[in-house]
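Trainee: Below: one structure in structure tokens.
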Amino acid sequence: MKVNSRIASLFVSALSQSMPVELMQKVVRKVIPNYDVYERSGFPAAIPMPRADAARHIFKDIAREGFLVKFVEVLIEVSTQGYMSREVRIPLLPRIIAEMEDQGYRYSAAKGIFVEAGEHERTMGWGTLREGHTYEFALLCVDVVGNSEIVRRYPRSQVAEAFASVRGMITRQVEKRDGRIWEWEGDGGLAAFYFLDKTIQATLCGMEIVNELFVYNLLGRTLPEPVRVRLAVHAGPCRFLMSAKESAGETIRRAELLESRYTHPGCLTVSPGVFTDLGSKLAPLFTAVPGPDNSPIYSYALEWEKK
Amino acid sequence: MKAVVFTNSPKRVQKVQFLASRGTHQLEIRTLSELKDALPSLEVAPLVYLDVKGLSEQEHARLLSVIAANPRVRFCVLDPADEIADVASVFHAGAVDYIGKGIASTKATAKRRGATLAYAKRISVGSDASSPSEVPLDVQAAVSDGWAEIQPGQEHSFAFLFIEVDEAEELKKRHEPENLAAAMATFREFIERIVAQHGGRPWMWSRFGGLVLFPLHEPTPFAPICGLRILLSSVFYDVEESLLPGRLSFRMALSVGSTVYHDGHTGRIVSDAVNSIFHLGRRFTRPGQFLLTADAHDLVPLQLRGFLQPAGTYEGRRIHRMLRPSSATGMREAGSAWAG
């Protein structure tokens, strides 16, 4: 987020008009643990710091450390839910939010965070995640089955066109559910889901890709044979870096293992942890199949009643 | 749907009433000398008219065979001076319509165009099913301005898709009226969203369902594909949008016919086609089923026909049923995901 003098001025006024210095510090500590404005500013702790000075120091620290968006999210939370049963009114908050919207962010009340608003301005990290930090993701791993044979069998341009169509469809499905393609290389990739219900969203996305690929292969394919994919969903903590390859941790490895070794062509598998989140409407569509270490994983395929 | 006319006399053709009534944005006029080179680029759907005025019998036969060599081009013969003695010969050559002197001087109605496309569809049965499909993946991009041609108060041809929630009486017993109304509103939104992507519009809609219209002169028969997509998407509706605790069962029926179209105020419409689809949907279609009449079956892309099976007759018409995917039935059933 770009920091300009108007935002700085709004921010300082909003803080200083709405809460005492002690409460400012408590709110900042939701973003920067153990934050102490006296210590950081060098202001003598024995003398009460004027609100405006404290707000200016806090703004500088928050902006310098890249927590501005996160801090505004906390301010929204405090103004809507209060702080420790205490009501906190922040009259200038709507103007701060409006400034952020001008910069291309949209506040999602359902998710409690800011996300990028522009259709064409999607970046991995949704504009709010910080590189190097660890977050809980649901990961959807995708791979085109028999990619090498397809490349050998058909002209390069025809294969490229088909794979581009399939990738386009997968990207639409992932972004429709607020996910992001984290990594994509030729015939497959990794998508990440971060928000509320992320395991459900990743699973529904995988199911919809299976279904849409069925329609594509039936009615819209450009290769003489159907394109089939393997999909797997697994959730867990991941160190967030723009490149999934560099992030490579246990959660990513697990998702890739489920997809490559335990998923049949045309199917989606989910790990046991993801399956427990599915609920009574989705779970009956999955069948237990053998997974790593003889533990069950769960598989979805688009099947049709027999004639 | 756009039409391309190949002629020796563009100025004369512009005055042919049958073609002029389409409007200039719907009509492209090219010379006969361009025919052979232009055909390959026309294979995605416009209707081609060959103007035979002034051509010898051998010449128009040769040109017809040039067009017919492109099996995906649907073509009609324009004979404004009734020069062709054996009209059937143009159909034997693969034409899908013949515009003689009498018709050429009248307006082209949507009904006529719908009948032409339906005939084109019928005669394409049996062609190579493994050839690349004409049905685009992104149907939204391919939905033409079919509705722009629909005039209130006039009769038009449509595909009628009947959709209704099953066991409405049971739902009424189980849920408070306002909760049920809210739940049915989400169902309607779900249906509206999908049919809009396929060029359809809800027309007569009551509490638990209604009728969706698809103009029949679309270049691609989206109505059956729309029905398939509704079946495939129902699980996502149940999980993400439905306000009811379990899976919502509904039935669908698809037929083809014509009716006088009115915006709103549908209460006084008298139409055999409308009555018939309501009868089919309410009296013959069982919970969860998607049935198609024989006419609607003709609209189904060849690749999708493996997913239909005969389901008896109703009011003297052959009925087909679309098989149900596991995601629509709510449980896995044995069967292959692939018809080929």
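Trainee: Rounded to the nearest 0.05, what FRET efficiency is calculated for A:Lys26 and A:Met242 with R0 set to 35 Å and r the Cβ-Cβ distance? Please report the intermediate quantities before stating the final value.
Mentor: Details: r = 33 Å, r/R0 = 0.94.
According to the calculation, E is roughly 0.60.
Trainee: I would also like to ask the following. Extending each Cα 7 Å along its Cβ direction at A:Ala52 and A:Thr287, get the distance between those two points in nm, one decimal.
Mentor: Here the answer is 7.2 nm between the modelled labels.
Trainee: Give the residues of the stretch B:197-214 whose amide nitrogen is closer than 14 Å to a point set 7 Å from the Cα of B:Ala181 in the direction of its Cβ.
Mentor: Inside the label zone: B:207-208.
Trainee: If you don't mind, another one. Report the dimensions of the protein assembly as shown along its three principal axes from the alpha-carbon atoms, largest first, rounded to Å.
Mentor: Between the extreme Cα coordinates on each principal axis of the protein assembly as shown lie 110, 60, 58 Å.
Trainee: Between B:Ala3, A:His57, A:Ala283, whose Cα lies farthest towards the positive end of the dipole of the protein assembly as shown when Lys and Arg beta carbons carry +1 and Asp and Glu beta carbons carry -1, centred on the Cα centre?
Mentor: Farthest along the dipole direction, towards plus: B:Ala3.
Trainee: Moving to a separate point now. Report, by chain and number, residues whose modeled amide H sits under 5 Å from the one on B:Phe290, excluding near sequence neighbours (fewer than 5 apart, same chain).
Mentor: HN-HN under 5 Å from B:Phe290: B:Met252, B:Met322.
Trainee: Next question. Output the 0 to 90 degree angle, nearest 10, between the alpha-carbon long axis of helix A:5-18 and the longest principal axis computed from the alpha carbons of chain A.
Mentor: 70 degrees
Trainee: When the expected Rg is taken as 2.2 N^0.38 Å, what fraction or multiple of it is the alpha-carbon Rg of chain A?
Mentor: Details: Rg = 23.9 Å, N = 307, 2.2 N^0.38 = 19.4 Å.
Relative to the rule-of-thumb radius for its length, chain A sits at 1.23.
Trainee: Ranked highest first by average number of other Cβ atoms within 10 Å, how do A:17-25, A:267-275, A:289-297 line up?
Mentor: On the way: A:17-25: 17.7, A:267-275: 23.6, A:289-297: 12.6.
Sorting A:17-25, A:267-275, A:289-297 by mean packing, highest first, produces A:267-275, A:17-25, A:289-297.
Trainee: By the gyration tensor of its Cα atoms, with a ≥ b ≥ c the square roots of the eigenvalues, what is the shape of the stretch A:5-116: rounded for a/c under 1.5, prolate for a/b over b/c, or oblate?
Mentor: It comes out prolate by the Cα gyration axes.
Trainee: Okay, next question. In whole angstrom, note down how far apart the Cα centers of the stretch B:184-234 and the stretch A:1-80 are.
Mentor: 52 Å
Trainee: Classify the stretch B:3-108 as rounded, prolate or oblate, taking a ≥ b ≥ c as the square roots of the eigenvalues of its Cα gyration tensor: rounded when a/c is under 1.5, otherwise prolate if a/b is larger than b/c and oblate if not.
Mentor: Numbers: a/c = 1.44, a/b = 1.07, b/c = 1.35.
It is rounded, given that a/c, with a ≥ b ≥ c, falls under 1.5.
Trainee: According to the square roots a ≥ b ≥ c of the eigenvalues of the Cα gyration tensor, what is the shape class of the stretch A:153-307, taking rounded for a/c under 1.5, prolate for a/b larger than b/c otherwise, and oblate for the remainder?
Mentor: Details: a/c = 1.65, a/b = 1.19, b/c = 1.39.
The shape class here is oblate.
Trainee: Taking every eigenvalue of the Cα gyration tensor of the stretch B:149-329, multiplying by 5 and rooting it, what semi-axes result, largest first, whole Å?
Mentor: Semi-axes from the Cα gyration tensor: 24, 20, 16 Å.
Trainee: Rounded to the nearest 0.05, what FRET efficiency do B:Glu155 and B:Asp37 have when you use their Cβ-Cβ distance and R0 = 45 Å? Each step should come with its number before you reach the end.
Mentor: Details: r = 39 Å, r/R0 = 0.88.
That pair, B:Glu155 with B:Asp37, gives E of 0.70.
Trainee: Can you pull out the trypsin sites (Lys or Arg not before Pro) in the stretch B:227-305 that DSSP calls coil and that have at most 14 other Cβ atoms within 10 Å?
Mentor: Working: sites: B:Arg229, B:Arg247, B:Arg251, B:Arg268, B:Arg282, B:Arg283, B:Arg305; in loops: B:Arg247, B:Arg268.
Hits after loop and neighbour filter: B:Arg268.
Trainee: Mind listing the Cα extents of the stretch A:14-63 along all three principal axes, in Å, largest one first?
Mentor: Sorted from largest, the Cα extents of the stretch A:14-63 read 25, 22, 17 Å.
Rule-based calculations on the coordinates, nothing more; no lab input. All of these numbers come straight from a predicted model, not from anything done at the bench. Cβ: placed from backbone, ideal geometry, glycine included. Neighbour counts: every protein chain shown.
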